[in-house]
Amino acid sequence: MLPVSILDLAPIVEGGTPAQALRNSIDLVRHAERLGYERYWVAEHHNLSGIASAATSVVIAHLAEATESIRVGAGGIMLPNHAPLVIAEQFGTLEALHPGRIDLGLGRAPGTDQVTLRALRGGPTADSFPQDVLELQALLGDPLPGQTVFAIPGVGSHVPLWILGSSLYGAQLAAALGLPYAFASHFAPDMLLPALEAYRGRFQPSAQLEEPYAMVAVNVIAADDDATAQRLFTSAQQAFTNIIRGSRAQLPPPVEDIEAHWSAGEKAHVSNALSRSYVGSADTVREGLESVIAETKADELIVAAAIHDHLARVHSYEILATVRQALGAPLPG
């Protein structure tokens, strides 16, 4: 059975609060564990009024504490924002508290604007990303002769690293370092297939990974029928339209007529960004996921669901869990 995981941005919805968003994430991760999802990741973003997972390692600690077996981690930590030693200590601590359950996905983008980036760390940029990854990997590895700086906790923990990306750059780095690779096609789908080809074609085995392992991120909005799911999907469509307009607001409630919300140009842009979205009933979602699996040969899917109503989001993942069990079996009829 193909592993399927959850990517949670801890959405702060219109009319909601950060505290409510984080409580919803705790509730959802418990459902995810019960439903048999592989892992549950949260992502680092800053200065965004609709995302509550900025202090990513703190959120992961609460998710891990609320569960017993599901892997939890970062999808990802935006490494240009941090000194590698700090991340090694944070994730070494998480691994010490929850051994064998922590993942550390690493991104090259800042996850914010340039002004906020300077407020976070100042000088370092994405240009230092490969060196930062190697430094972090060394800090989480076994001690070396002559080493004087140690992550405590962290040293010797071998927390598994992932490289995240939406271009050829991350694919090539993951291949060169022999690390698993996750592609962000849930919002940047254009380079998905070339990146997977580059990653698999250039992969070099490492101590962590002998063969390439590619995770593909998609959006899934599932409901009892196609019309209900399409209505729920209008929250994500509005949110992406708002980004084009320069507004990164809280996640809006769904609307009855999305066509009245955007211009033709905005519709084209958003539809492309969200083209790796599978929206509808269980049968509709299954058909879409079967197609993307066949097209990408993904080793794992990770699924985002920007749904305004928390109960509807939980129900979407419940439906997806039944779809996951049926993937690869003959379609009815």
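Looking at the structure I just gave you, is A229 outside any helix (DSSP H, G or I), modelled with pLDDT of 95 or more and either under 15 Å from L173 (Cα atoms) or among the small types (G, A, S) (or both)? The answer is no for A229.
Could you please find all residues in segment 248-276 being in contact with a strand residue (DSSP E or B) (Cβ under 7 Å, 6 or more places away or on another chain) and under 12 Å from S235 (Cβ atoms)? If you could, list the steps in order and put the result at the bottom.
Initially, segment 248-276 is screened for residues in contact with a strand residue (DSSP E or B) (Cβ under 7 Å, 6 or more places away or on another chain), giving 250-251, 274, 276.
Residues satisfying the conditions are Q250, L251, L274.
When you scan segment 162-173, how many residues do you find that are assigned to a strand (DSSP E or B) and within 16 Å of G201 (Cβ to Cβ)? Selection size over segment 162-173: 2. Flag set for A298, criterion: within 27 Å of Y213 (Cβ to Cβ) and either part of a loop (DSSP other than H, G, I, E, B) or in contact with a Cys (Cβ under 6 Å, 6 or more places away or on another chain) (or both).
If the condition is being in contact with a Leu (Cβ under 7 Å, 6 or more places away or on another chain), surrounded by fewer than 21 Cβ atoms within 10 Å (Cβ to Cβ), not in a helix (DSSP H, G or I) and not small (G, A, S), then segment 188-218 contributes M191, Q208, L209. Of the residues making up segment 92-127, just one is among the acidic types (D, E), more than 16 Å from L79 (Cβ to Cβ) and modelled with pLDDT under 80, namely D113.
Just for segment 241-290: of the residues that are β-branched (V, I, T) and not in a helix (DSSP H, G or I), which one is surrounded by the fewest Cβ atoms within 10 Å (Cβ to Cβ)?
So, considering only residues that are β-branched (V, I, T) and not in a helix (DSSP H, G or I), the one surrounded by the fewest Cβ atoms within 10 Å (Cβ to Cβ) is V255.
Within segment 182-199, the set of residues being under 22 Å from P160 (Cβ atoms) and in contact with a Phe, Trp or Tyr (Cβ under 9 Å, 6 or more places away or on another chain) comprises A182, F183, A195, L196, Y199. For segment 174-183, the criterion of being touching a helix residue (DSSP H, G or I) at 6+ places or on another chain (Cβ under 8 Å), aromatic (F, W, Y), outside any loop (DSSP other than H, G, I, E, B) and under 30 Å from V292 (Cβ atoms) is met by at least one residue. Of all residue pairs spaced 6 or more apart or on separate chains, those with beta-carbon atoms under 9 Å, a first member in segment 303-317 that is under 19 Å from L289 (Cβ atoms) and a second member that is basic (K, R) and crowded, with 19+ Cβ neighbours inside 10 Å are A305/R313; A306/R313; I307/R313.
Starting from residues that are open to solvent by less than 40 Å² (accessible area, probe 1.4 Å) and among the aliphatic types (A, V, I, L, M), keep the ones in segment 162-181 and report whichever is nearest to the chain's Cα centre (by Cα). Walk me through it before giving the result.
Here is the first cut: in segment 162-181, the ones open to solvent by less than 40 Å² (accessible area, probe 1.4 Å) are 162-165, 170-171, 173-175, 177-181.
Then drop every residue that is not among the aliphatic types (A, V, I, L, M), which leaves 163-164, 171, 173-175, 177, 179.
Working: I163: 11, L164: 9, A171: 16, L173: 18, A174: 16, A175: 19, L177: 20, L179: 16 Å.
Among those that are open to solvent by less than 40 Å² (accessible area, probe 1.4 Å) and among the aliphatic types (A, V, I, L, M), it is L164.
With respect to (1) of a type in the set (S, T, Y); (2) modelled with pLDDT under 95; (3) buried (at least 20 other Cβ atoms within 10 Å of the Cβ), the lone exception for S235 is condition (2). With respect to the stated conditions, V159 is in contact with a helix residue (DSSP H, G or I) (Cβ under 6 Å, 6 or more places away or on another chain), under 23 Å from R71 (Cα atoms), open to solvent by less than 20 Å² (accessible area, probe 1.4 Å) and part of a loop (DSSP other than H, G, I, E, B). The test for being surrounded by fewer than 22 Cβ atoms within 10 Å (Cβ to Cβ) and either over 29 Å from A74 (Cβ atoms) or at pLDDT 95 or above (or both) holds for V314. Filtered by the rule that a residue be in a helix (DSSP H, G or I) and open to solvent by less than 30 Å² (accessible area, probe 1.4 Å), segment 134-156 gives L136, L139, L140.
The values are calculated or read from the model by the stated rules, or taken from the named source; none is laboratory data. Values in this document were obtained by computation on a predicted structure and should not be read as measured data. Glycine also receives a Cβ, built like all others from the backbone with ideal geometry; neighbour counts cover every protein chain displayed. To get the accessible areas, we keep the full protein, side chains included, count just its heavy atoms, and leave off ligands, DNA and RNA. Shrake-Rupley method; radii C 1.70, N 1.55, O 1.52, S 1.80 Å.
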